[in-house]
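J.: Below you will find the structure I want to go over with you.
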Amino acid sequence: MTPAEQAIEDLVAGRKLSRRAAEQLNQDADAIAHGDPLRGAA
């Protein structure tokens, strides 16, 4: 599971995200929005 996937799982389960997880999720979302889904997946 990628960090972004873990962050989403945490959100769905009602857990709070760490600052780092929230920033990573935001970066991954930006990458996907700009047509580069692999940027944050490495």
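Bear in mind these aren't lab numbers, they're just calculated from the coordinates by the rules spelled out. Keep in mind it's a predicted model, so treat the numbers as computed, not measured.
J.: If contacts are Cα pairs under 8 angstrom and at least 6 residues apart, what is the relative contact order of the chain in percent?
T.: The value is 34 percent.
J.: Let me ask something additional. Compute a Gaussian network model of the chain, connecting alpha carbons closer than 10 Å, and tell me which residue from 22, 31, 13 fluctuates the most.
T.: 13
J.: Calculate for the chain the 222 nm mean residue ellipticity that helices alone would give, adding -39,500 (n - 2.57) per DSSP H run of length 4 or more and normalising by residue count, nearest 500 deg cm²/dmol.
T.: -18500 deg cm²/dmol
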